[in-house]
Amino acid sequence: MADILVSASGQIARVGETGAISPDTLRIDVSGLAVAPGFVDAHQHLDKTGSLKFASNPSGTLQGARDAFAAFARGVTPGDVAARAARTMARCLSRGATAIRSHINVDKDAGFIGINALCDLRADWADRLTLQLVAFMIPHPRQDYEWLAANIDAAAERADAIGGTVAVAEDPARYLDILFASAARHGKPIDLHMDEHLDASRHRFGLVFERVRRFGMQGRVVLSHASVLSAIPDGEFARISDQILELDLGVITLPAANLYIQGRGQEVLPPRGLTRVAALARAGIRIATASDNIQDPFIPTGSGDMLEIARWTLLAGHLHASELPLAYGMISHVPAGLMGLGANYGLHAGARADMVINDCEDAERLVAGGPDKMIVLAKGRPVSEDAAAA
Ligand SMILES: [Zn+2]
């Protein structure tokens, strides 16, 4: 590959061709280098990011994190949300993530402060970053379903998808009905925090599958975490996996969160806490991997580097060396598909010119060790240096 031509509107005009170009077309010489499409981080929490020092979680548990953030959210301002989110967005962009989907709490504690602030950022950053927002309707505090039902449509209007956290709902059937009905009313997809526990006796897959069929949401629902699948016996897992495939549901594994939060208190043979990454991927299910939280009470670490996340997924998900390309797909075309980016994503003519130009000879090496040199382009413009300085 020698040249990539980028149109004035920031789309790829031609790849690998030379010849005459119009004056407003940008020619990028990539000879001797490899080009990957921009990485896709399909699951973050930009309303929470960077809040670690204000919301500590000494227990390191999920409930500890939820309580710490709920208390913090009651005093948060729009300016604070925007500043923390923008810093993380800039770091992610500088490391090659040109599309991010973020869940944003909408509940009695956070109200609409987070989602309103992120709506503004989504518009302000549209020339650099494809940002999708999930209205994360939390059954918390006090499991106030009336509040959720009364406010979900206003949240859905602002968001790109509807989300929630199924395992903490005390009335999951009623809760899921609220989410699915709103998604159907607004024609929006659903992205669920399915579970973050390893208790095989309580999972909610059947309730979700029934609603996917009832509301005709096949191909439009993503199940995040799904950690409990690693605790479920093989026969039952196979039945659930078959349903996920049949209904064309996506799965997003979040290794940082699972490694950090799951298995607290289990001193001997602590579990990895991830879903059955290898089995799901080999079954042909669309499974992506993502950052989840970055430097907040849920996960104290996080750099926004999707190559790091892909590496952890391969190791913690017990993939093989031969599956390095699969891990690469989990931060590129698979999450792009789950986010519905369609023809805007990729390295073909007409796609957004979001790309990671690097000195790795193939995708395997990119995931395995990362590049020594890397330039990130967003809509054809370099953003790595700018973002790093932000
Ligand atoms: Zn999450």
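Points worth noting:
- On the stretch given as segment 290-323, residues that are more than 16 Å from the ligand (Cβ to nearest atom) and either assigned to a helix (DSSP H, G or I) or free of Cβ contacts under 8 Å to residues at least 60 places away in the same chain (or both) total 13.
- Of all residues making up segment 137-151, the number that are in contact (Cβ under 8 Å) with a residue 40 or more places away in the chain and either crowded, with 23+ Cβ neighbours inside 10 Å or touching a Phe, Trp or Tyr at 6+ places or on another chain (Cβ under 6 Å) (or both): 2
- Restricting the first member to segment 36-58 and to residues that are free of Cβ contacts under 8 Å to residues at least 24 places away in the same chain, and the second to residues that are of a type in the set (Lys, Arg) and within 15 Å of the ligand (Cβ to nearest atom), no beta-carbon pair is closer than 8 Å while six or more apart or on different chains.
- Of the residues making up segment 181-196, those that are on the phi < 0 side of the Ramachandran plot and either surrounded by fewer than 23 Cβ atoms within 10 Å (Cβ to Cβ) or of a type in the set (S, T, N, Q) (or both) are 181, 182, 184, 185, 186, 188, 189.
Conditions (1) at pLDDT 95 or above; (2) closer than 17 Å to residue 281 by Cα; (3) in a loop (DSSP other than H, G, I, E, B); (4) not aromatic (Phe, Trp, Tyr), marked per residue:
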residue	(1), (2), (3), (4)
191	yes, no, no, yes
217	yes, no, yes, yes
223	yes, yes, no, yes
235	yes, no, no, yes
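- From 85, 65, residue being under 25 Å from residue 198 (Cβ atoms) and buried (at least 19 other Cβ atoms within 10 Å of the Cβ): 65
- The set of residues in segment 66-88 that are touching a helix residue (DSSP H, G or I) at 6+ places or on another chain (Cβ under 7 Å) and within 28 Å of residue 376 (Cα to Cα) comprises 81, 82, 85, 86.
- Residues of segment 28-46 include none that is touching a helix residue (DSSP H, G or I) at 6+ places or on another chain (Cβ under 6 Å), more than 16 Å from the ligand (Cβ to nearest atom) and at pLDDT below 95.
- Filter result (within 13 Å of the ligand (Cβ to nearest atom) and either in contact with a strand residue (DSSP E or B) (Cβ under 6 Å, 6 or more places away or on another chain) or among the aromatic types (Phe, Trp, Tyr) (or both)) within segment 226-250: 226
- Any hit, segment 235-244, residues being farther than 21 Å from residue 211 by Cα and either in contact with a helix residue (DSSP H, G or I) (Cβ under 7 Å, 6 or more places away or on another chain) or touching a residue at least 24 places away in the same chain (Cβ under 8 Å) (or both): no
Conditions tested, residue by residue: (1) at pLDDT below 95; (2) under 21 Å from residue 15 (Cβ atoms).
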position	(1), (2)
310	no, no
319	no, no
351	no, yes
373	yes, yes
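- In summary, strands (runs of 3 or more DSSP E) completely within segment 31-129 and bearing 1 or more residues that are of a type outside the set (Asp, Glu) and farther than 27 Å from residue 374 by Cβ occur at 97-106.
The values are calculated or read from the model by the stated rules, or taken from the named source; none is laboratory data. Bear in mind the structure is a predicted one, so any value in this text is a computation, not a measurement. Ideal geometry is used to build each Cβ from the backbone, glycine not excepted, and the neighbour counts take in all protein chains shown.
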